[in-house]
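Heads up: the structure comes next, in structure tokens.
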2 protein chains.
Amino acid sequence: MLLGMKGDLMPELRQDIVTGNWVVHATERAMRPTDFEVRRVAHKTNPQDCPFCPGNEVMTPLELFAVRPKGSEPNTPGWEVRVVPNKYPAFSEVEVLRGARDLFQRRQAEGLHEVIIHTPEHSLTLATMPCEKVELVLRVYRLRYHAASLDPIVRYVHIIVNHGFEGGASLEHSHSQLFGVPIIPALVQQELAGASWYEKSRGECVFCAIASKELEAGERVIFQSEHFVVIAPFASRYPFEVWIIPLSHGESYVTASDDELSDLAQVLKDVLRRFSDGFGDPPYNYYIHSAPVDGSEHPYYHWHIELMPRLSTIGSFEIGTQMMINTTTPEVAASFLSSL
Amino acid sequence: MLLGMKGDLMPELRQDIVTGNWVVHATERAMRPTDFEVRRVAHKTNPQDCPFCPGNEVMTPLELFAVRPKGSEPNTPGWEVRVVPNKYPAFSEVEVLRGARDLFQRRQAEGLHEVIIHTPEHSLTLATMPCEKVELVLRVYRLRYHAASLDPIVRYVHIIVNHGFEGGASLEHSHSQLFGVPIIPALVQQELAGASWYEKSRGECVFCAIASKELEAGERVIFQSEHFVVIAPFASRYPFEVWIIPLSHGESYVTASDDELSDLAQVLKDVLRRFSDGFGDPPYNYYIHSAPVDGSEHPYYHWHIELMPRLSTIGSFEIGTQMMINTTTPEVAASFLSSL
């Protein structure tokens with residue numbers, strides 16, 4: 001029995017009537033219960049079967065953007081970084097109207113879901129790519145972030161990397177994903193509320209305060225560069241969680257200067273090298289938190305990157321409370337990561 | 001280098017200054033970064049090395065409660081269900097005062113963390129235990145729930161099962177955990193707010209409404225028993241997530257009658273059998289959501305159980321937004337699980 005419902009493949013947003021939380025149901029990704037058994041085992045792909053390798057451009061949807069030699073044709077080899085729509089989008093552009101029915105609030109998960117392929121080389125990762133290639137990726141982030149922010153349906157742009165199977169990656173070829181989300185997600189709303197409250201009550205940006213107080217205290221600082229401070233955050237949710245905070249205040253990733261991105265490429269590579277040296281190429285996640293693109297100003301907000309190697313498993317406590325139990329204090333994490 | 005900090009082993013609660021979220025740092029569980037590599041591989045334990053097997057009572061802290069023959073000695077074999085403090089507690093009773101320092105809000109993670117060992121048989125699980133033994137476990141839940149609610153520091157009692165390594169279980173011998181939490185966790189606060197709002201605006205309990213509307217609609221109902229309806233919830237966060245909702249209204253698990261617990265034992269076993277038949281003994285989680293024990297009444301709340309097989313991995317989207325992407329709609333989940 002094929003359980004995917006024909007004509008019902010559009011991703012959809014549903015709201016829990018009790019908590020108010022929105023959930024994305026993106027059913028293009030998984031059709032049958034048996035698919036899940038396969039997914040529990042990580043599998044290596046050969047470059048000839050990898051949709052992100054040069055020569056296989058036809059295996060992805062048509063490209064949205066690429067860094068490629070002038071005059072070279074789209075969707076052919078020769079590119080350095082390539083951006084394509086996600087084949088199994090969590091958010092998509094097609095419009096389908098749905099009625100809300102009392103307890104059961106649903107809307108189409110309109111928005112964007114792009115894949116940013118970091119390099120044509122199947123075996124390279126952000127940790128092993130040359131620094132200038134990582135910088136190129138960070139500049140493509142800025143371009144696509146800006147493009148996504150112009151879409152009227154998009155209220156929040158979420159750029160992420162999932163690395164490794166336990167990190168949520170379904171393909172091993174190094175890539176980022178950009179989500180253009182039609183609502184402001186819960187965690188971002190919380191950060192905005194907290195940052196706004198702090199600014200109102202203390203007259204300064206909470207992230208600027210964290211950066212300077214952490215540098216003063218020292219015990220949670222991993223390292224510092226010209227433009228960034230790298231810390232294990234005080235209320236770390238994950239073992240060895242790391243935040244990269246820009247030293248100069250800016251609400252959005254699009255406001256990052258070329259100089260900052262050039263520095264960030266080194267900083268990012270350095271953090272990922274420490275993860276790799278410390279835990280042997282662990283699965284990891286990172287994402288950029290940046291001000292919403294909902295047409296308002298958010299001068300009290302301060303973009304930054306949050307990273308976590310995936311060394312532990314959440315259980316029923318965390319799922320049922322939305323409260324994390326972390327077995328490593330950030331002081332221990334900073335002391336270990338800064339020693340590498 | 002030993003990174004566990006001596007004299008700093010008490011679990012602690014830290015508040016994120018930006019989001020307001022509380023995190024538990026429970027460092028007794030993991031000392032060295034290298035511990036995490038070991039933890040990534042599930043390991044089978046032999047009954048002779050298992051701290052939850054009869055004969056090994058000395059391997060756990062002293063028992064808090066046990067179902068055992070009259071006159072038999074505590075901490076010796078002969079028990080049917082045994083309750084002990086968690087050796088590596090996320091919440092503990094010892095009191096240590098900590099100063100709050102501006103940005104860095106911390107308090108000791110005071111509270112309770114108990115282990116409820118379901119059976120002396122190492123190889124049995126809730127899915128394979130006789131129904132009357134599962135009923136016994138459910139009655140022990142009620143007893144320990146009541147005992148925990150009398151502790152003045154405890155504001156919320158969270159009873160859970162983590163099954164399988166990917167479900168967060170560190171020991172395979174079947175057991176539950178009871179957390180006596182000194183705050184009301186975020187997700188429970190959200191449920192309380194949502195249930196209270198619904199009751200005020202519609203004049204009825206939102207969970208009673210969900211139960212009756214789902215039975216009416218039918219498409220998300222998996223099965224029904226004398227006292228419970230079992231559904232795939234409308235805004236399911238996980239593939240094949242299941243809720244067990246009592247048909248008669250009651251704010252707390254302690255209000256469940258003997259009849260209800262007897263029925264619940266069958267219902268719970270049946271859901272776990274469906275998980276097992278559908279996905280081949282998958283890792284899973286469940287927890288009981290019940291009204292806080294903070295001294296207030298919560299007549300608008302309605303206890304229930306939420307269960308999820310752990311078939312998928314969360315990534316940077318979910319971690320960075322607190323918004324879930326689910327690849328299986330509850331309609332598909334209900335249709336599959338009810339067919340088993």
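The values are calculated or read from the model by the stated rules, or taken from the named source; none is laboratory data. None of these values were measured; they are calculated from a predicted model. With ideal geometry, Cβ positions are generated from the backbone for all residues, glycine too; neighbour counts draw on all protein chains shown.
Given A:Ala42, A:Ala30, A:Ala100, which one is under 23 Å from the mean Cα position of the chain (by Cα), modelled with pLDDT under 70 and more than 8 Å from chain B (Cβ to nearest Cβ)?
A:Ala42
Report yes if B:Ile244 is in contact with a Phe, Trp or Tyr (Cβ under 6 Å, 6 or more places away or on another chain) and either within 10 Å of chain A (Cβ to nearest Cβ) or hydroxyl-bearing (Ser, Thr, Tyr) (or both), otherwise no.
No: the conditions fail for B:Ile244.
Filtering the stretch A:198-209 down to residues that are out of contact with any helix residue (DSSP H, G or I) (no Cβ under 6 Å at 6 or more places or on another chain) and facing another protein chain (nearest Cβ under 9 Å), which residue is farthest from A:Asn86 (Cα to Cα)?
A:Ala209
Can you tell me how many residues in the stretch B:291-340 are assigned to a helix (DSSP H, G or I) and under 23 Å from A:His158 (Cα atoms)?
Residues meeting the conditions: 6.
Find the residue count for the stretch B:66-93, including only residues that are assigned to a strand (DSSP E or B) and either outside the structural domain of B:Leu150 (by TED's automatic domain parsing) or farther than 14 Å from B:Gln177 by Cβ (or both).
Qualifying residue count, the stretch B:66-93: 2.
To keep it simple, each residue is scored yes or no on (1) touching a helix residue (DSSP H, G or I) at 6+ places or on another chain (Cβ under 8 Å); (2) surrounded by 24 or more Cβ atoms within 10 Å (Cβ to Cβ); (3) within 12 Å of chain A (Cβ to nearest Cβ).
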{"position": "B:Pro233", "(1), (2), (3)": "yes, yes, yes"}
{"position": "B:His249", "(1), (2), (3)": "yes, no, no"}
{"position": "B:Val254", "(1), (2), (3)": "yes, no, no"}
{"position": "B:Gly278", "(1), (2), (3)": "yes, no, yes"}
{"position": "B:Tyr284", "(1), (2), (3)": "yes, yes, yes"}
{"position": "B:Gly295", "(1), (2), (3)": "no, no, no"}
{"position": "B:Trp303", "(1), (2), (3)": "yes, no, no"}
{"position": "B:Glu306", "(1), (2), (3)": "yes, no, yes"}
{"position": "B:Thr329", "(1), (2), (3)": "no, yes, yes"}
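Across the stretch B:211-231, what is the total count of residues that are among the hydrophobic types (A, V, I, L, M, F, W, C) and crowded, with 19+ Cβ neighbours inside 10 Å?
Result for the stretch B:211-231: 6.
Quick one: is B:Val242 within 19 Å of the chain's Cα centre (by Cα), surrounded by fewer than 24 Cβ atoms within 10 Å (Cβ to Cβ) and not small (Gly, Ala, Ser)?
It is false that B:Val242 is within 19 Å of the chain's Cα centre (by Cα), surrounded by fewer than 24 Cβ atoms within 10 Å (Cβ to Cβ) and not small (Gly, Ala, Ser).
Of the conditions (1) touching an Asp or Glu at 6+ places or on another chain (Cβ under 8 Å); (2) facing chain A (nearest Cβ under 8 Å); (3) hydroxyl-bearing (Ser, Thr, Tyr); (4) buried (at least 24 other Cβ atoms within 10 Å of the Cβ), B:Ser290 clears all except one; give me its number.
Every condition holds for B:Ser290 apart from (2).
Does the stretch B:157-169 hold any residues that are at the interface with chain A (Cβ under 8 Å from one of its Cβ atoms) and in a strand (DSSP E or B), and which are they?
Within the stretch B:157-169, B:His158, B:Ile160, B:Val161, B:Asn162 qualify.
Read through the list (1) out of contact with any Phe, Trp or Tyr (no Cβ under 7 Å at 6 or more places or on another chain); (2) over 19 Å from B:Phe336 (Cβ atoms); (3) within 14 Å of chain A (Cβ to nearest Cβ), then give the number of the only condition that B:His227 fails.
All conditions are met except number (3).
Given the options B:Glu199, B:Glu114, B:Glu191, name the one that is outside any loop (DSSP other than H, G, I, E, B), closer than 26 Å to B:His298 by Cα and in contact with a Cys (Cβ under 9 Å, 6 or more places away or on another chain).
B:Glu199
Working only within the stretch A:202-236, note down all residues that are assigned to a loop (DSSP other than H, G, I, E, B), closer than 21 Å to B:Thr19 by Cβ and over 22 Å from the mean Cα position of the chain (by Cα).
Passing the criteria: A:Gly203, A:Glu204, A:Cys205, A:Arg220.
Return yes or no: is A:His158 within 30 Å of B:Gln190 (Cβ to Cβ), buried (at least 19 other Cβ atoms within 10 Å of the Cβ) and within 15 Å of the chain's Cα centre (by Cα)?
yes
Could you list all residues from the stretch A:170-187 that are within 7 Å of chain B (Cβ to nearest Cβ) and not in a strand (DSSP E or B)?
Answer for the stretch A:170-187, where residues must be within 7 Å of chain B (Cβ to nearest Cβ) and not in a strand (DSSP E or B): A:Pro185, A:Ala186, A:Leu187.
Conditions tested, residue by residue: (1) of a type in the set (Val, Ile, Thr); (2) in contact with a Gly (Cβ under 8 Å, 6 or more places away or on another chain); (3) under 30 Å from A:Phe52 (Cα atoms).
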{"site": "A:Gly168", "(1), (2), (3)": "no, yes, yes"}
{"site": "A:His175", "(1), (2), (3)": "no, no, yes"}
{"site": "A:Gly180", "(1), (2), (3)": "no, yes, yes"}
{"site": "A:Val206", "(1), (2), (3)": "yes, yes, no"}
{"site": "A:Arg237", "(1), (2), (3)": "no, no, no"}
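Could you check A:Phe234 against (1) over 21 Å from A:His158 (Cβ atoms); (2) without any contact (Cβ under 8 Å) to a residue 60 or more places away in the chain and say which number it fails?
Only one criterion is unmet by A:Phe234, namely (2).
Being in contact with a Pro (Cβ under 9 Å, 6 or more places away or on another chain) and either more than 8 Å from chain B (Cβ to nearest Cβ) or more than 30 Å from A:Leu124 (Cα to Cα) (or both): is that true of A:Glu219 here?
For A:Glu219, the condition - in contact with a Pro (Cβ under 9 Å, 6 or more places away or on another chain) and either more than 8 Å from chain B (Cβ to nearest Cβ) or more than 30 Å from A:Leu124 (Cα to Cα) (or both) - is met.
Scan the stretch B:127-152 residue by residue and report those that are out of contact with any Phe, Trp or Tyr (no Cβ under 9 Å at 6 or more places or on another chain) and assigned to a loop (DSSP other than H, G, I, E, B).
B:Thr128, B:Met129, B:Pro130, B:Leu150, B:Asp151, B:Pro152
Could you list, in sequence order, all residues of the stretch A:188-197 that are more than 8 Å from chain B (Cβ to nearest Cβ) and touching a residue at least 24 places away in the same chain (Cβ under 8 Å)?
A:Leu192, A:Ser196
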